[in-house]
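Working notes, structure below.
The values are calculated or read from the model by the stated rules, or taken from the named source; none is laboratory data. Keep in mind the model is a prediction, meaning the values are calculated, not measured. Here the Cβ positions follow ideal geometry from the backbone for every residue, glycine too, while neighbour counts run over all protein chains shown. Protein only, heavy atoms only, side chains kept; ligands, DNA and RNA dropped before computing areas. Shrake-Rupley method; radii C 1.70, N 1.55, O 1.52, S 1.80 Å.
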Amino acid sequence: MNQYDEFKAMLDAYLKKNQKKASYCSCLHETSFSDADALYLYDSSRNDIEVINMDEIAQGAYRNVRFPESNKTEDSIATNDAFVICGDNKWYFIEFKNQKLNQTKDSVSKKAYGNWHMLLDIIYEMKSTNSLTSFPYDNPIAFARENVILILVVSEEKNPTDAKRIHDGILAGEKYVPEFLKKLRKYIYHDVFLYTPATLEQYFVKKFSLLFRRPPK
């Protein structure tokens, strides 16, 4: 069993222990849906991979466990849209934003901390099951700085200048990352990336799917 399957087994055990249900297995297309704009940022015609729908966990099972008196979605902890573990055991959080890049800072920063808090809360609650055989329970901060990666995906149409900088940077062997993402890298993550849907597919999904798995049917 690889680390991603271990993580899903742990989630299943968490849900069973707390008598909750969550249909968390998803794909990038489904998790890229923007409620505000009623559209999918990552089109279904693109190559895709299986991911865990973080909102499904945060807005349902987790909120009901930690805040049972609330039935309001807005009371849920803020999390990224998708989570997946690669074949090399790197952990990826993926956030889709159909907005101008300069409007995403506060939301992305808030989700960065909320997301990691929720996962650690679940992981430590289930520690006795020994589901995650290679997780360093003694130092999760060091683990995040060595293994956890954030990918922010923004609309190319709403960010033409940034999209060109992303593309030109890749061609030049450099990485374009705004300052607020660089700060998150210093505090939390091993690395951060800024992509459009097209560059996400080309430089992450296609490489990732060769290493790992296809999306669920």
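Annotation: of all residues in the range 124-146 being assigned to a loop (DSSP other than H, G, I, E, B) and either without any contact (Cβ under 8 Å) to a residue 24 or more places away in the chain or closer than 19 Å to Leu181 by Cβ (or both), the one that is most open to solvent (accessible area, probe 1.4 Å) is Asp138. Which count do you get for residues in the range 147-186 that are part of a helix (DSSP H, G or I) and among the hydroxyl-bearing types (Ser, Thr, Tyr)? Within the range 147-186, residues that are part of a helix (DSSP H, G or I) and among the hydroxyl-bearing types (Ser, Thr, Tyr) number 1. Going residue by residue through the range 185-202, is there one that turns out to be within 22 Å of Ser44 (Cβ to Cβ) and modelled with pLDDT under 95? Yes; the residues of the range 185-202 include at least one that is within 22 Å of Ser44 (Cβ to Cβ) and modelled with pLDDT under 95. Kindly establish whether Ser44 is under 24 Å from Asn159 (Cα atoms) and not hydrophobic (A, V, I, L, M, F, W, C). So Ser44 fits the description; yes.
Among the residues of the range 204-215, some residue qualifies, meaning at least one is surrounded by 14 or more Cβ atoms within 10 Å (Cβ to Cβ), modelled with pLDDT under 95, under 18 Å from Glu30 (Cα atoms) and of a type in the set (S, T, N, Q). For the residues Lys100, Lys72, Lys105, Lys110, the requirement of being farther than 25 Å from Ser134 by Cβ and modelled with pLDDT of 95 or more singles out Lys100.
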